[in-house]
Structure formats: C-alpha cells, structure tokens
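Have a look at the structure below before the remarks.
The values are calculated or read from the model by the stated rules, or taken from the named source; none is laboratory data. Being a predicted model, the structure only gives us computed values, none of them experimental. Heads up, the Cβs are rebuilt from the backbone with ideal geometry, glycines too, and the neighbour counts pull from every protein chain shown. With ligands, DNA and RNA removed, areas are computed over all heavy atoms of the protein, side chains included. Shrake-Rupley method; radii C 1.70, N 1.55, O 1.52, S 1.80 Å.
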Amino acid sequence: MGVTDPAGPVMDRDEVDRALARLGQEHEAIETSLLALQDHAGRRLLEGAELTGVTEERWRTTEDRITRLWAYFDAYAAALRSAREIRARRRWSTREDLVELTGLLRGEPVTVAGESRLSETFSLAALVDRMNELYATSLDLVVAADAVWSALPARIDLLAAELQRTRGLAHSVGVRPGEHPAGDDLERITRTLTKLREDVVRDPLAFWVPAEGSSAPGGGRPDTTVYDREARALEDVRREIDAVLTVRQDAEARLIRLRDVLSRADRTLAEARAARGEVLAKIAATEVPVVSGPPTVLQEQLATAAEYRRQAQWHRLSPLLESLEEKAEDELLRARESLTAVTAPLAVRAELRGRLDAYKAKVARHGLAEDPFLIERYDAARRMLWSAPCDLRVAEQAVLRYQRLAADLIGGPGAPEDRDKGDQS
C-alpha cells in the first residue's frame, strides 16, 4: 500500500496529473490488498469458526477494523473520483480548478463517519497511512491464526494416529490403564491431545508466539510446546512397549537361564553344606561358618514369572524378570562365597601338606633324606596333617619347625637358627 506526499502550495497542472496518477496506482494497490485479505483462507476460517479466548476477543476487534478499512477505502475512492472529475472538466484547468484540486489532494477533504463515534476527517495521505495501519494489524492476526491452523491440527492428527497404533500394540501385550504405568500414560496423552486439538481450533492465537522485533504481518511461529511434550511422552511409551515385546520374544530363554543360575546356586550351597561337615570332622579348633539354605522367595518369584508367561502378562513379567536376574546372580555369588569360606580350613591344610612334601623333596636332593632329626620332625608334622581332626595351628608350627631345620642343614634361605636351636624348638 502507498504513501501520498505531504501538503504544499497550490499545485500546477503537471503536479495535479502526477498526483492523480500516483493516487490511482495507490487505489489499485489498496484494492488488490483488500480483496486478497477478503479472500484469505485464514479470514474465511475465522469467520466460520466457533472461537473462544483471546482469538474470539481479537477477532471481534479485527472484524471492526476490516469494516472500517473498507469504509476508509470507499471514502478514499470517492475523493479520488471527485478529483478526477474536476480535472476532467477541461483540458487546461483554471486556477479555481487547481485551487480546488489542491484542497482535495493536499488538504483534509475526506470525512468518514465512525460507528458510535464522531466523524473523522483525513487528508488523502493520512487516510492511506490509516488504511496501512489497519491492514497490517488485520493481516497479522489472520496470517497468525492461519499459520497455527495449518501447522498444529495436522501434526496433532498424525500424532493421534500414531497414538492409536501404539494403544493397539500396548493392549496386545497387556499394557492397560490401571495395570501398567505406560497404559496410564497413553490415557493421559490421549486426553491431552484431544483437548489440545479443540483448543487450537477454537483459540489458535493462544498458540502463537510473535517474533521479537518483527513488524512484518504474521511474523512469529506456532507454539508447539504442549505438542512436543506429548510427542516425547509417546516416544517413551513406545520404547517401554518395545521392551515388553522383547520380553515376550525371549521370555522362555530368560526363564531357562534363571532356572539354571538358581540351580547352580543350590548345588553350590549343597556342596558348601557337605564341605562344612567334612571340615568339622577333619579340622579341629576352627570356626566354620554356617551355610544357609536356598531362599524360597526366589523360587516362588520364578514360579510367578512362569505363570505370567503362561497368561501372557508381559508387562508384569518384564520388571519381574529384570529383578529376578539380578537377585539370581547375587544368590550364586553368595553361594560361591559360602563354599569358599567353609572350605578355607581344608585349603590351608592342603597348602601345609604341599609345603611339607616340597621340603622333603628338597632335603632328598641335598642327600639329607636319612637325617634322623629331619625324619623325626617330618613324621611329627605328617601325623598332625594326616590325622583327623587336624589342629591347623599346631600342624602349621610343626611344618615350620621342619622347614627351619631343613633350611639350616641345607644352608639355604630359611630361619636363622642353628641345629641346636632347631632341636630345642
């Protein structure tokens, strides 16, 4: 839309002709813009929609602006038509004609009656400025509403379709409202999307974020905060359902592995209990830890998991399997630690036996196998280590005495004791 020149002195014929040509171009541009606004899809949607909230309030104001805009345009066209008629009276306009034309073209000849208000008087230049202002604000609202309607409802519908597919898949694996958190999430997302679409259709301007510093009509973007949040929530639900589907596919293999781990733990505990009896019979004066039995709660939970699988309750089976797998590994580790703790005295006895025999072989290599002192100490240590119950503390001292004497006789590394001291020990 155009802008006229400011007022000046009496115009000559050339100035009048140039002004009329310019005003004619402005008239054509203004009319084209107004007709485009009248036919804009966003304006037609606003006229036919049941609006609420901020959109309803602003659209009422904008409708009044558009009505006034057409009234201003009609007054502008009438003033231009009058000026053209005066100019067309004669080929060479008289001074009286030029004075009248100057008043029309540069004065304030246009009076527009307002609704419930006093009449307004404008120059043609001021009237164009006023129309420009009303057109820009009206177009801004129409473009903003149309942009929201063009973007959000379609995206919401696509997300709703994906939501329906996800709901069907969730139902097939037992993910239902009230039974699984993901089912509750699907219900909440459904309610939110339904309300969001209704709000967008009825109050699109509530979902419009104007661009900062922009004066162009429709400068801004649709507010997709709620939509984006629900889209992320639906993606989280899809991942949860994918996990449940994975459980359905490999549930039997995981149950078999669980049974195997718990069976190994039971066998290890049984071995530890048997070893404890052996230790109590063969080792004297030692603390042997008590071996507890297998926890029945794990077997009960395993039976529950198998029942969930038979009933296709995959949403319940998934967290139970994860918990059982962790507990089963912990149980196997506990069983192994119990076996290690129980058999520790037997391991000590085995180490002492091995050390005694190693020194006996070393003594033989040095030609001291017939030494009566070494034979005496070897026999004493061997009787202690191979008798039941074995006192490990006393047996260890006997092995050390034999080891020191052998080291002393061989002259190799060993306790710094001579033969007499060895005899006394």
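Of the candidates Val290, Val209, the single residue that is outside any helix (DSSP H, G or I), surrounded by fewer than 16 Cβ atoms within 10 Å (Cβ to Cβ) and under 26 Å from the mean Cα position of the chain (by Cα) is Val209.
Scanning the range 40-70 for residues that are within 18 Å of Pro109 (Cα to Cα) and either more than 54 Å from the chain's Cα centre (by Cα) or charged (D, E, K, R) (or both) turns up just one, Arg68.
Filtering the range 21-39 to residues that are over 56 Å from the mean Cα position of the chain (by Cα) and surrounded by fewer than 18 Cβ atoms within 10 Å (Cβ to Cβ) leaves Ala21, Arg22, Gly24, Gln25.
Selection of helices (runs of 4 or more DSSP H) fully inside the range 40-141 by the criterion of at least 1 residues being farther than 27 Å from Ala19 by Cα and open to solvent by less than 50 Å² (accessible area, probe 1.4 Å) returns 41-48, 53-87.
Within the range 310-339, restricting attention to residues that are modelled with pLDDT under 90 and open to solvent by 90 Å² or more (accessible area, probe 1.4 Å), the residue that is farthest from Ser172 (Cα to Cα) is Glu337. The number of residues in the range 142-167 being open to solvent by 70 Å² or more (accessible area, probe 1.4 Å) and either among the aliphatic types (A, V, I, L, M) or in contact with a Pro (Cβ under 8 Å, 6 or more places away or on another chain) (or both) comes to 1. Beta carbons closer than 7 Å, at least 6 apart along the sequence or on distinct chains, pair a first residue in the range 232-243 that is in contact (Cβ under 8 Å) with a residue 12 or more places away in the chain with a second that is surrounded by 12 or more Cβ atoms within 10 Å (Cβ to Cβ) and not in a helix (DSSP H, G or I) for Ile241/Val173; Ile241/Val175.
It is to be established whether one or more residues within the range 27-37 are part of a loop (DSSP other than H, G, I, E, B), more than 24 Å from Arg90 (Cα to Cα) and at pLDDT 90 or above. Looking through the range 27-37, none of the residues is part of a loop (DSSP other than H, G, I, E, B), more than 24 Å from Arg90 (Cα to Cα) and at pLDDT 90 or above.
Just to be sure I understand, how many residues within the range 329-357 are farther than 26 Å from Leu374 by Cβ and free of Cβ contacts under 8 Å to residues at least 12 places away in the same chain? Number satisfying all stated conditions: 6.
For the range 168-191, filtered to residues that are under 29 Å from Thr52 (Cβ atoms) and buried (at least 16 other Cβ atoms within 10 Å of the Cβ), the residue that is farthest from the chain's Cα centre (by Cα) is Thr190.
Just one of the numbered conditions (1) open to solvent by less than 60 Å² (accessible area, probe 1.4 Å); (2) under 30 Å from Ile410 (Cα atoms) is not true of Glu351: (1).
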